[in-house]
Structures are given as C-alpha cells and as structure tokens.
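Readers should treat all values here as calculations from the given coordinates under stated rules, not as data from a laboratory. Here the structure is a predicted model, which is why all the values come from computation and not from measurement. Cβ coordinates were reconstructed from backbone atoms using ideal geometry, including for glycine residues, and neighbour counts include every protein chain displayed.
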C-alpha cells in the first residue's frame, strides 16, 4: 500500500474558515477515485457528503452539462422553463407526490417544507396549529428554522434565539404520542436514516405507527431524505423500503449531479393551501440545473443500479462485521445500502486522518462515528479495496 506524499502547502486563503479542510487540493477524479495536486490518488468514500452519487468524470453527466450550457442558464421563475417542468413531472411520476417546489439546497428545502406545513395546518386549526416536531439525533440544516430542528447543541448555542415553535422529541412512540397534539402540532419531520446523527436507520414499526398517528391527528409528516434519498439505501426513496409515505418529502444533495439543487415534493392536500407569493426562489429549478438534474435522476432511478446498491449493501454489512471482529476497534455498525456508520473507540478524526494517509477518504457522523458514503456507482471491487484501507487505518 502506497502511503500518500505530503501535500503542497497552500497560501493563506481568503475564505471564511468555517471548515477544517484536509490539507491536500483535489483537482480531478475518475470513477470513485480522486486525485490531488501532487498526483496522490484516493478512493472516495465520502461522495462529497452524499452529493457525488455518480462518482467522477461520468460521461453522461458531462454531456448533460454541455447540452445544458448550450441553452439558457437562468430566466427566473417569472417565466416558464421546460426543463424545470419536465423534472417536476418526472419526480411526481416516480413518487407519491403531486406537486414539486425547487430551491437550491437541503436546508432551503426543509425551510420551505416547514412553511408549507404551517400554511396547511393554519387552514385546519388556525394560528395555534403551528408547532414543528423533530427527533433526537436529527440534522435538518443550519438556517434558523432548520437549525432549531437540528439536535446539535454546539451548532445551536451561538445563534440563539432560533426560530420558535420547533421542538425536539425523543425517538420513542411514548414520547411522540405525548407531544404530537392535534390542536397545536403542524408537522413532524424525520429522516428515515439519520445520517449526520450517527447513521441510525429508524425502525419500521416506529415509522408505520407515526404515519398512522399523524394521519389520525391531521399532522403533516415530512421525510427529510436529503442524504438518505435518491438511491442511497438501494431504493430511489428511503421510505419505499418500509412502504410508509409522507405528506412532504425534501431532497437535495445528488439531485443535480453536483450542482446546487433542492426540492420539496408534496401531496395535493398540502399544495392546495399555498397561494402565489407565499414562498419564492430566485434560482430554484432554473433551466441549466434542471436539465442536468433530469439526467442525474434517470441514472439514480435505474432499477439495475438500485438493485446493485441493495445487494452490495447486504455484502457490506457482512464485511464490516468481519472487519469489526478482526480489528477489535469497532463498537457498533449501523446502516443500509451505501450509507454506513462505524462507532469506534478512539476519536473518528484520528481514523479519518490515517485513512487519508493510505488513500481513503472518509467523513465522520459524530465524535466517535465514521461514516461510509461511497458513490452509488462503486463496484464490489471498489468497496473491497476501500475496506482493506479502512482496516489499515483502524489497526
């Protein structure tokens, strides 16, 4: 195994230092491999935090980008755009939804979902029916309402007061039964797989019971599939695995193949409450990004690709269990498809740094959790090579 050479030091950046960036500069990629400015190669098990589901230098994505560039880049939502309408139609055809709103990111999608849910709930129960309930371990974004629904005290504390009317509840039916009030609750938001919260796959029984509870109490159920949706679990939408369907679904990350795009999918019941001018976006669903997203969506919804992710996900579970037994360095394994979390005894950052030295890129999901997010196009050989490097980094 070749150890990486030391990356070339860069000049002090004018970028606001909000991220602890790795020292190397990544300059190009091929398949599931990234290459830095010094020629070092890395197997990528981060996918740009779930964005680069199609890996790197995908020929079809490149063609879609070139074709989109030959047309209009932006016209604003004051005018029709065929590619945006086509993308919305395709998302509706593939999902439970009847209507779609496009924006630019996952946090924006969740903020929009909160507004749509509150508008719908107000029509049912007046101003009192406004509260949003999120779950312990949730991550829904870093804008004011989405941050209020994110269970990260360190992220929240410097920016209080956050948006009001948002509560975080325990992941138990008993606690949720107590807080989901038909008179005051507008919506319950949850991730079928809590990615940033340690890769926790929510229990099927819990999801089914919450669907029944929210239907009975006329509470909108929002599924945040920004990271776990669009093929990551081996199903186009993570909720399809458990046959539980929401009223509102938020998507982003891989939707436009690396370009910024978010989407809110909703039922006619939710959509009917919204009026022109109730919400808006300057860039969302523009002709350039929507045309690229049409290509990405077709690839991500390919039954053959989804089947391979499911089958390789089962194989990954077995291999990760064997790795844990051999090394004695892993306390727990959780996940599905191409999203996995490994709880380790030492700080996750230490393992991630050693993995980088042996040519593997990883991301954390908590202080002691390593997250694996390989591109959905990663073959079993790619996965096996990554696990060999992970074992070196662990041991």
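Starting from the Cα gyration tensor of the range 336-385, take the square roots of the eigenvalues, sort them a ≥ b ≥ c, and report rounded, prolate or oblate (rounded when a/c is under 1.5, otherwise prolate if a/b is larger than b/c, else oblate).
It comes out oblate by the Cα gyration axes.
Over the Cα atoms of the range 105-223, what is the Rg over Rh ratio if Rh follows Kirkwood?
Using only Cα positions, Rg/Rh for the range 105-223 is 0.94.
Sorted by average packing, counted as other Cβ atoms within 10 angstrom per residue and highest first, what order do 318-324, 251-257 take?
Packing order, densest peptide first, comes out as 251-257, 318-324.
Order by neighbour count: 209, 367, fewest other Cβ atoms within 10 Å first, most last.
Ranked by crowding around the Cβ, least crowded first: 367, 209.
If I take the Cα coordinates of the range 285-390 and project them onto the principal axes, what are the three extents in Å, biggest first?
Cα extents, longest axis first: 49, 27, 22 Å.
For the range 71-300, evaluate the Debye formula with one uniform point scatterer on each Cα (no solvent term) and list log10 I(q)/I(0) at q = 0.17, 0.18 Å⁻¹, rounded to two decimals.
-1.25, -1.39
Multiply the residue separation of residue 173 and residue 283 by 0.36 nm, subtract the distance between their alpha-carbon atoms, and state the gained length in nm to one decimal.
The residue 173-residue 283 span can extend by a further 35.6 nm.
Plugging the Kirkwood radius over Cα pairs into Stokes-Einstein for the range 1-157, at a temperature of 25 °C and a viscosity of 0.890 mPa s, what D comes out in µm²/s?
121 µm²/s
What FRET efficiency, computed as 1/(1 + (r/R0)^6) with R0 = 51 Å and r the Cβ-Cβ distance, is obtained for residue 350 and residue 275, rounded to the nearest 0.05?
0.45
Sorted from fewest to most neighbouring beta carbons within 10 Å, what does the list 103, 228, 215 look like?
215, 103, 228
Ranked by Cβ crowding within 10 angstrom, fewest neighbours first, how are 301, 83 ordered?
301, 83
Once you place label points 7 Å from the Cα toward the Cβ at residue 307 and residue 162, how far apart are they in nm?
About 4.3 nm, to one decimal.
Fully extended, how many nm does the chain gain between residue 298 and residue 49 (0.36 nm per residue separation, minus their Cα-Cα distance)?
Stretched out fully, the residue 298 to residue 49 stretch lengthens by 87.6 nm.
For the range 200-349, how big is the tail of P(r) above 18 Å, as a whole percent of Cα pairs?
Within the range 200-349, distances greater than 18 Å cover 67 percent of Cα pairs.
Report relative contact order for the chain in percent, whole number only (criteria: Cα-Cα under 8 Å, sequence separation at least 6).
23 percent
Please give the residues of the range 353-395, grouped as numeric ranges, whose backbone N is less than 13 Å from a label point set 7 Å along the Cα-to-Cβ vector of residue 154.
The answer is 364-369.
Starting from the Cα gyration tensor of the chain, multiply each eigenvalue by 5, take the square root, and state the resulting semi-axes largest first in whole Å.
In descending order, the three semi-axes are 34, 26, 20 Å.
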